[in-house]
Amino acid sequence: MSSPAIAILGTGAYAPAKVLTNAELAQRVDTSDEWIFTRTGIRERRIAAAHETTSEMAAAAARTALADAGVSADEIDLIIVATATPDMLMPATACLVQSKIGATTRSACFDLNAACSGFIYALDTAWAMLGSGRYRHALVIGAEKFSGIVDWQDRSTCVLFGDGAGAVVLGPARGTARLLGARLYAEGGNTDLLCVRPGAKPVIEMKGREVFKVAVREMEDAVRDILEQHHLSAHQIACVIPHQANRRIIEAIAQYLELPLDRFFVNLERYGNTSAASIPLALDEARRAGRIRAGDTTLLVAFGAGLTYGAALVRW
Ligand code: ACO
């Protein structure tokens, strides 16, 4: 028996109201709007308030995605939250989300940590579980509160990250929309390039230049691989939703793939790098901005600590 076709039925996002601009950051550490913007493309990021926990942001994004999909919380039987910044080490953030959105207690709930690639990892995992026929509707959420693990004295990292959440509802395909493919990878030899070690106050440690180079190579490889597998050329992709870490990384990939930059949806100027939330947050904005139309093929591509990376192809 072939697997049932699975599609993204709806999307949602949540970003905290508090904006932290580059100019404000320049009052705290030795940096400038000009340095941050030219090196990264970031102008500002959102910072969660104390009550805006990862699970709160995830639940808010999930409610919007459910409304968009026309699926009720009690129809959800699988919740996966991709996060590196859970509210607690246990229970899983997904269990907190289940309770907050009023999903049935018969839903399976777990968190997945693949850092900034977490959303694509979670998407592929949920797709496989729905494809088995044993689950029908899934919430796949990327949610992060990186402001809690940033060293605010370290100018080389604190300018890069922000908080937020994005969610999609997966379920049986309606019409021609469907998930076409996904591929996940990791280069575990590069764990020391980007990590958060345990300690009294765990913070992000990163070798930025090295991460930059590996990220460009990995994302280009992931894109070429998935396009080849599906016999597609880059020009058949209507919109690319890349992980929103650095505008220069996105420009490099566009150049290598010989695709115009306007095919890439970029919103990092306003959010910075929100890790696992970055792709679903961008995907929701792209849809609402009319950048994704029925029949389009969209490519999602990410890299993150691990170093993990991956890509997915979505038909709308
Ligand atoms: N303001 C001013 N100067 C700074 C700042 C800052 N915020 N940060 C670093 N500098 C200085 C450095 O001290 C260095 O000074 P020096 O030459 O006197 O030593 C100089 O700027 C150049 O530093 P580089 O690190 O070489 O700068 P680079 O051009 O590589 O840009 C950056 C740094 C933006 C971090 C870039 O390397 C990058 O984006 N890397 C990828 C990072 C990334 O994407 N991380 C997310 C991974 S996803 C995940 O899983 C979380």
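Here, each number is a calculation from the coordinates, and none is a lab measurement. Since this is a predicted model, take the numbers as computed values, not measurements. Quick reminder, even Gly has a Cβ in these numbers, built from the backbone with ideal geometry, and neighbours come from all protein chains shown.
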Shape verdict for the range 1-159, please, from the Cα gyration tensor: rounded (a/c under 1.5), prolate (a/b greater than b/c) or oblate. prolate
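Figure the gain on full extension for residue 221 and residue 74 (residue separation times 0.36 nm, minus the Cα-Cα span) and round it to one decimal in nm.
On the way: separation 147, 0.36 × 147 = 52.92 nm, distance 3.94 nm.
Value of the extension gain: 49.0 nm.
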So if I take the centroid of the Cα atoms in the range 144-204 and the same for the range 258-274, what is the distance between those two points in Å? 16 Å
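Where nothing but the Cβ of Lys and Arg (+1) and of Asp and Glu (-1) is charged, how large is the charge dipole of the range 178-315 around its Cα centre, in debye to the nearest 20? Provide the component values of the computation, followed by the final result.
Details: 18 positive and 16 negative charges, 76 e Å.
That gives the range 178-315 a dipole magnitude of about 360 debye.
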Determine the calculated [θ] at 222 nm for the chain from helices alone, applying -39500 (n - 2.57) to every DSSP H run no shorter than 4 residues and normalising by the residue count; nearest 500 deg cm²/dmol. -9500 deg cm²/dmol
Hey, with R₀ at 25 Å, roughly what FRET efficiency would residue 232 and residue 269 work out to, going by the Cβ-Cβ distance, to 0.05? 0.30
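Cα gyration tensor of the chain, axes a ≥ b ≥ c as square roots of the eigenvalues: rounded (a/c below 1.5), prolate (a/b > b/c) or oblate? All intermediate terms of the calculation are to be shown ahead of the outcome.
Numbers: a/c = 1.64, a/b = 1.21, b/c = 1.36.
Taking the square roots of the gyration eigenvalues as a ≥ b ≥ c, the chain is oblate.
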Would you mind telling me the antiparallel percentage of the DSSP bridges in the range 211-316, rounded to 5? 60 percent
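How much length is gained on full extension from residue 255 to residue 185, taking 0.36 nm per residue of separation minus their Cα-Cα distance?
Values: separation 70, 0.36 × 70 = 25.20 nm, distance 2.25 nm.
Extra length available between residue 255 and residue 185 comes to 23.0 nm.
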³J(HN,Hα), Karplus 6.51/-1.76/1.60, whole Hz, each residue of the range 124-135, x for Gly, Pro: 5, 4, 5, 4, 4, 5, 5, x, 5, x, 8, 10
Put +1 on the Cβ of every Lys and Arg and -1 on every Asp and Glu Cβ in the chain; which of 23, 236, 116 then has its Cα farthest towards the positive end of the dipole? 236
Restricting to the range 6-172, compute how many DSSP beta bridges are antiparallel as a %, nearest 5. 65 percent
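Relative contact order of the range 173-282, please, whole-number percent, based on alpha carbon pairs below 8 angstrom and at least 6 residues apart. Write down the numbers at each step before the final one.
Numbers: 90 pairs, mean separation 23.3, N = 110.
Rounded, it is 21 percent for the range 173-282.
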If we sort 44-54, 133-143 on the protection proxy, mean other Cβ atoms within 10 Å, highest first, what's the order? 133-143, 44-54
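Ranked highest first by the average count of other Cβ atoms within 10 Å around their residues, in what order do 144-150, 84-90 fall? Write out the running numbers ahead of the final one.
Numbers: 144-150: 23.7, 84-90: 16.3.
Sorting 144-150, 84-90 by mean packing, highest first, produces 144-150, 84-90.
May I ask you to order 154-161, 21-28 by the average number of other C-beta atoms within 10 Å around their residues, highest value first? Walk me through the numbers on the way to the answer.
Numbers: 154-161: 19.5, 21-28: 14.5.
The densest-packed peptide leads the list: 154-161, 21-28.
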